[in-house]
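> Here it is, the structure, as structure tokens.
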Amino acid sequence: MTRPRVHILALGGTIATRADATGAMQMGLGADDLVAAVPLLADIAEIKAETVSRVGSHSLTFTQIAALAMKIEALAADGAQGIVVTQGTDTLEETSFLLDLLLDLDVPVVVTAAMRNPALTSPDGPGNLLAAVRVAADPWVRARERSLGVVVVLLDEVYAAADVLKIHPTRINAFASPQTGPVAALAEDRVVPLSLPVRSAMMTAHAMFGVSRAAKLSKADPAPVALFWTALDEPGRLVEALLSAPHHLGYRGALLVAMGGGHIPEAMAPLAGKLAAALPTVVAGRAGASGPLLHHTYGGPSSEITLRKSGLIWGGRLHPLKARLLLEACLRAGFDRVAVAKVFAAWD
């Protein structure tokens with residue numbers, strides 16, 4: 001049986017760290033080091049490995065991920081039958097979502113990482129890499145790539161990129177999809193299917209951004225999105241500062257992280273309307289896994305009925321971190337407010 005060609009792209013992160021002279025873990029391992037630590041990979045696939053960067057995921061940028069998407073597209077066009085990306089866990093829930101937004105391929109794209117560094121007992125990096133390659137090479141996954149999109153593989157579970165979240169800062173089982181659960185699990189040498197993700201909202205985004213979107217967005221001017229998290233008794237002074245600053249401090253959009261089903265403190269209500277008038281502003285829920293926001297249940301000056309009428313764009317079920325990236329992509333693409341609202345309406 002012919003083994004599929006799987007290309008591993010290493011970005012850095014805990015999975016690629018090693019101890020310096022003081023014992024502190026630093027970026028240092030490359031793709032070849034990661035492959036050498038897992039001899040069983042050769043039994044599953046024809047492996048090629050490339051070191052793209054050696055940085056923690058906390059330092060990755062939108063433009064870097066867009067460039068990575070272009071590299072993945074080129075590898076797929078050159079005959080790669082699966083792509084595995086290794087990176088840090090700090091922003092994995094964001095980078096995997098962005099890759100899912102930018103890519104539309106017939107080959108599996110799998111993102112994996114590690115929580116335990118290689119100097120600790122039982123590091124999870126080698127096992128996660130083995131599982132990721134197994135998923136990338138699996139016939140069920142390869143036959144359903146467009147139905148699955150980009151997936152994340154950690155601790156023998158497979159998650160859809162749009163749904164996965166990091167739910168703990170250090171624990172080995174730090175990732176989950178609280179709204180939907182995993183799409184597959186690994187047992188022995190098998191990938192066991194469990195479900196298929198709902199992809200209609202992502203397909204709407206793909207259609208609106210069009211083809212070659214990774215190349216287009218990587219060349220576009222940056223479109224920073226301000227992130228405002230609401231909390232008990234928050235007066236909104238940072239919003240005031242942004243609105244009064246020249247050129248809005250360079251921000252081109254805003255993400256307002258609301259309470260409950262889409263509520264903010266009453267003191268912030270007038271500011272929210274001004275913010276929406278000044279910049280495209282999306283509302284997402286701050287509650288754990290996020291999840292569908294309300295439309296027309298509660299009244300009052302700072303509830304969802306009023307906020308929706310004031311020009312704020314509803315982020316639907318998207319987690320705030322993913323909604324922020326989607327808004328930046330829309331702004332980089334030059335979408336007007338109507339188009340931005342249409343993209344987000346698919347998630348609502």
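> Distance in nm between label sites at D106 and D43, each 7 Å beyond Cα in the beta-carbon direction?
So the two model labels end up 3.1 nm from each other.
> Multiplying the sequence separation of V338 and S212 by 0.36 nm and subtracting their Cα-Cα distance, what value in nm do you get?
Difference between extended and current length: 43.1 nm.
> Contour minus end-to-end for E240 and W140, with contour as 0.36 nm per residue of separation and end-to-end as the Cα-Cα distance?
Gain in length upon complete extension: 30.8 nm.
> Sorted from largest down, what three extents in whole angstroms do the Cα atoms of the range 130-259 have along their principal axes?
Projected onto the principal axes, the Cα atoms of the range 130-259 cover 58, 38, 24 Å.
> Could the peptides 274-280, 155-161 be put in order, highest first, of the mean number of other beta-carbon atoms found within 10 Å of their residues?
Going by the mean number of other Cβ atoms within 10 Å, highest first, we get 155-161, 274-280.
> Let me ask another. Taking a virtual spin label 7 Å from the Cα of D221 along the C-beta vector, which residues in the range 227-269 bring their backbone nitrogen under 18 Å of it?
Answer for this model: 245-254.
> While we're looking at this one, here's another question. According to a simple spin-label model (label point 7 Å from Cα along Cα-to-Cβ), what is the distance in nm between V192 and H296?
So the label points at H296 and V192 sit 4.4 nm apart.
> Additional query: What are the aspartates and glutamates whose alpha-carbon lies under 14 Å from the alpha-carbon of K48, with same-chain residues fewer than 8 places away excluded?
Straight-line reach from K48, under 14 Å: D32, D33, D78.
> Angle between the Cα long axis of helix 269-278 and the longest principal axis of the chain, 0 to 90 degrees, nearest 10?
Once rounded, the angle reads 70 degrees.
> Distance in nm between label sites at D233 and R3, each 7 Å beyond Cα in the beta-carbon direction?
So the label points at D233 and R3 sit 6.2 nm apart.
> Once R0 is set to 35 Å, what does the formula 1/(1 + (r/R0)^6) return for the Cβ-Cβ distance between T22 and A67, expressed as a FRET efficiency to the nearest 0.05?
0.60
> Could you tell me how many degrees, from 0 to 90 and to the nearest 10, lie between the Cα long axis of helix 125-137 and the main elongation axis, the longest principal axis, of the Cα atoms of the chain?
90
> Still on this structure, I have one more. Measure up K216/K274; K216/K342; K216/K309; K166/K216 against 23 Å on the Cα-Cα distance and list the ones that go over.
With Cα atoms farther than 23 Å apart: K216/K274; K216/K309; K166/K216.
> Restricting the count to DSSP beta bridges whose residues both fall in the chain, what percent are antiparallel, rounded to a multiple of 5?
The antiparallel fraction comes to roughly 35 percent.
> How big is the gap, in Å, between the Cα center of the range 172-229 and the Cα center of the range 1-74?
Cα centroid of the range 172-229 versus Cα centroid of the range 1-74: 20 Å apart.
> If you don't mind, there's one more thing I want to ask. Take each of the peptides 321-332, 215-226, 256-267, average the number of other beta-carbon atoms within 10 Å over its residues, and list them starting from the highest.
Packing proxy ranking, top to bottom: 321-332, 256-267, 215-226.
> Under the definition of Cα pairs under 8 Å and six or more residues apart, what whole-number percent is the relative contact order of the chain?
Relative CO of the chain lands at 13 percent.
> Also, quick follow-up: Go through S147, Q179, F209 and say which Cα lies farthest out towards the positive end of the charge dipole of the range 129-214; charges sit on Cβ, +1 for Lys and Arg, -1 for Asp and Glu.
F209
> Can I ask one more? Dipole of the chain, Cα-centred, from +1 at each Lys and Arg C-beta and -1 at each Asp and Glu C-beta, to the nearest 20 debye?
In debye, rounded to 20, the chain gives about 700.
> Going by the alpha-carbon gyration tensor, a ≥ b ≥ c the square roots of its eigenvalues, is the range 1-137 rounded (a/c under 1.5) or, if a/c is not under 1.5, prolate (a/b greater than b/c) versus oblate?
oblate
> Restricting to bridges with both residues inside the range 5-201, how much of the DSSP beta-bridge set is antiparallel, in percent to the nearest 5?
If we restrict to bridges inside the range 5-201, about 45 percent are antiparallel.
> Rounded to the nearest 5, what is the percent of antiparallel bridges among the DSSP beta bridges in the range 115-261?
If I count the DSSP bridges inside the range 115-261, around 70 percent turn out antiparallel.
Taken together, the values in this text are just the output of simple stated rules run on the coordinates, not laboratory data. The model shown is predicted, which means the values in this text are computed figures rather than measured ones. Counting neighbours? That spans all protein chains shown, and the Cβs are built from the backbone with ideal geometry, glycine included.
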